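**Q** Before I ask anything, here is the structure I am working with.
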Amino acid sequence: MVPAIDGIIDTTILIHLFRGNKDAAAWIATQRTLGVTTISRMEFIYGARGRSALATVMQLLNTFASVALTDADQLWAEQRLIAHRLSHGVEINDTLIASVTHRLQVPLYTQNVKDMQKVLPAELVIRPFVA
């Protein structure tokens, strides 16, 4: 069952929070219930360098609802990859993250607006702060 969430944050937002970006911290303090896809969780964990960083990553991830992909999400992502990989250079992980936003029809908060708007309507792709 999907938790009730107001939006999805992607890996770019997690990185800014991890690095202590003041604008990211100020924005996140104004939010209610945000989710993180399992894809972004794995990307963020993968980027941790050392045990201390991994502990910080896990602590940060645990403050957000985890949203798993469904079979339908994966099919949607595959269709977007087929349609846009060669013409627009879309990436696998971006289509998978976008698929959850598409299914739930909630905003995707990202610093990667340019790439995410290749597969999602502009009204669902939001840059919450200027980094």
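**Q** In this structure, is ALA48 part of a helix (DSSP H, G or I) and either over 18 Å from LEU124 (Cα atoms) or out of contact with any Leu (no Cβ under 9 Å at 6 or more places or on another chain) (or both)? Write out each step before concluding.
**A** Values: part of a helix (DSSP H, G or I): no; either over 18 Å from LEU124 (Cα atoms) or out of contact with any Leu (no Cβ under 9 Å at 6 or more places or on another chain) (or both): yes.
Judged against the criteria, ALA48 is not a match.
Results for (1) among the hydroxyl-bearing types (Ser, Thr, Tyr); (2) at pLDDT below 95; (3) under 20 Å from ILE5 (Cβ atoms); (4) in contact with a strand residue (DSSP E or B) (Cβ under 7 Å, 6 or more places away or on another chain), shown as yes or no for each residue.
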residue	(1), (2), (3), (4)
ARG32	no, yes, yes, no
VAL36	no, no, yes, yes
GLY47	no, yes, no, no
THR70	yes, no, yes, no
HIS88	no, yes, no, no
PRO128	no, no, yes, yes
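**Q** Within the range 29-44, how many residues turn out to be over 17 Å from LEU96 (Cα atoms) and touching a residue at least 12 places away in the same chain (Cβ under 8 Å)? Steps first, please.
**A** Taking the range 29-44 first, the residues over 17 Å from LEU96 (Cα atoms) are 29-34.
Among the residues that remain, those that are also touching a residue at least 12 places away in the same chain (Cβ under 8 Å) are: 31-34.
The number of residues fulfilling the criteria is 4.
**Q** Kindly provide the set of residues from the range 78-105 that are in contact (Cβ under 8 Å) with a residue 40 or more places away in the chain and crowded, with 20+ Cβ neighbours inside 10 Å, ordered by number. Before you say what the answer is, go through the steps one by one.
**A** The initial filter retains those residues of the range 78-105 that are in contact (Cβ under 8 Å) with a residue 40 or more places away in the chain, namely 93, 96-97, 100-101, 104.
Across the range 78-105, the qualifying residues are LEU96, ILE97, VAL100, THR101.
**Q** Taking the condition among the hydroxyl-bearing types (Ser, Thr, Tyr) and assigned to a loop (DSSP other than H, G, I, E, B), does THR30 pass? Steps first, answer last, please.
**A** Details: among the hydroxyl-bearing types (Ser, Thr, Tyr): yes; assigned to a loop (DSSP other than H, G, I, E, B): yes.
Yes; evaluated as a whole, the condition is true for this residue.
**Q** Every residue in the range 96-116 that is at pLDDT 95 or above and farther than 20 Å from ILE5 by Cα, please.
**A** Residue satisfying the conditions is VAL113 alone.
**Q** Within the range 1-23, can one find any residue that is in a helix (DSSP H, G or I) and among the small types (Gly, Ala, Ser)?
**A** Our first condition is that a residue be in a helix (DSSP H, G or I); within the range 1-23, this holds for 11-18, 22-23.
With among the small types (Gly, Ala, Ser) added as a condition, the list becomes none.
Checked the range 1-23: no residue is in a helix (DSSP H, G or I) and among the small types (Gly, Ala, Ser).
The values are calculated or read from the model by the stated rules, or taken from the named source; none is laboratory data. Being a predicted model, the structure only gives us computed values, none of them experimental. Cβ sites come from the backbone with ideal geometry, for glycine too, and all protein chains shown count toward neighbours.
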